[in-house]
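Peer 1: What follows is a single structure, and I will ask about it in a moment.
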Amino acid sequence: MTARHDACILAGGRASRLGGRDKPGLRVAGRPLIESVAAAVPDAGRLIVVGAPRPGLPRGIFVQEDPPGGGPVPALRAGLAEVTAPWVALLAADLPFLTAGHVSVLLEAAGAGAGAGAVLVDDDGREQWLAGVWRTAELAEALARYEGRSLHGLLAPLAPAGLHLTGRPWFDCDTAEDLRRARNGEPDEE
């Protein structure tokens, strides 16, 4: 299945574990993290970025959550308002090992599953809520009735398919050590 989809990249946040640095702008393998994530969704009809405008994303549609820095649920609300396709890839801006192939597999699993989408699962079996694909209508319905602040609280009840893929595409850069490992190409080392 090559589903018509948009992409929503959450690129706000305070990056407190990285000393408040501009996490989406940090470079791994010669390019900003957010550009690597955008490259993983080349077939997305719309590339929606919740966060500050970036010069390296000419096709990006930039929106801001309300309140700014309010967390992933307000960011998702802002981004989802711009989605027009029946499917949406919901992604963090700091996934250096995510590829278009991974997103394609997520789209396939989401379309074949009984739930509202598919998410990547890490080596410990935890769902990675900012590395998934969702049916836009079901996600919008859930978001409209949700009053909490947790992505887990919003997304887990939608019963997505969980995928554990090789290469650790769910690996994110939350800490200086994560960033060092990503820059050294060490996603599989503990």
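Peer 1: So which pairs qualify, if the first residue must be in segment 126-139 and modelled with pLDDT of 95 or more, the second must be open to solvent by 60 Å² or more (accessible area, probe 1.4 Å), the Cβ gap must be under 6 Å, and the two must be at least 6 apart or on different chains?
Peer 2: THR136/PRO86
Peer 1: Right, here's the next one. If ASP172 satisfies all but one of (1) part of a helix (DSSP H, G or I); (2) under 16 Å from ALA40 (Cα atoms); (3) open to solvent by 30 Å² or more (accessible area, probe 1.4 Å); (4) in contact (Cβ under 8 Å) with a residue 60 or more places away in the chain, what's the number of the condition it fails?
Peer 2: (1)
Peer 1: Still on this structure, please answer the following. When you scan segment 175-184, how many residues do you find that are under 18 Å from VAL37 (Cβ atoms) and open to solvent by 50 Å² or more (accessible area, probe 1.4 Å)?
Peer 2: 1
Peer 1: Provide a single number: the residues in segment 87-97 that are in contact with a strand residue (DSSP E or B) (Cβ under 7 Å, 6 or more places away or on another chain) and in a loop (DSSP other than H, G, I, E, B).
Peer 2: Residues that pass the stated criteria total 3.
Peer 1: Here is a list: ARG149, ARG54. Which entry is among the basic types (Lys, Arg), crowded, with 17+ Cβ neighbours inside 10 Å and either in a loop (DSSP other than H, G, I, E, B) or at negative phi (or both)? Steps first, answer last, please.
Peer 2: Numbers: ARG149 fails: crowded, with 17+ Cβ neighbours inside 10 Å.
ARG54 is the lone residue from the list that is among the basic types (Lys, Arg), crowded, with 17+ Cβ neighbours inside 10 Å and either in a loop (DSSP other than H, G, I, E, B) or at negative phi (or both).
Peer 1: Follow-up. Just give me the residues in segment 73-86 being open to solvent by less than 10 Å² (accessible area, probe 1.4 Å) and not in a helix (DSSP H, G or I), in sequence order.
Peer 2: The answer is ALA85, and nothing else.
Peer 1: All but one of (1) open to solvent by 40 Å² or more (accessible area, probe 1.4 Å); (2) at pLDDT below 90 hold for GLY162, so report the exception by its number.
Peer 2: Failed condition: (2).
The values are calculated or read from the model by the stated rules, or taken from the named source; none is laboratory data. Owing to the predicted nature of the structure, the values given are computational and were not obtained by experimental measurement. Methodologically, a virtual Cβ is constructed for each residue, glycine included, from the backbone with ideal geometry; neighbour enumeration extends over all protein chains shown. These area figures cover heavy atoms from the full protein model, side chains too; ligands, DNA and RNA do not enter into them. Shrake-Rupley method; radii C 1.70, N 1.55, O 1.52, S 1.80 Å.
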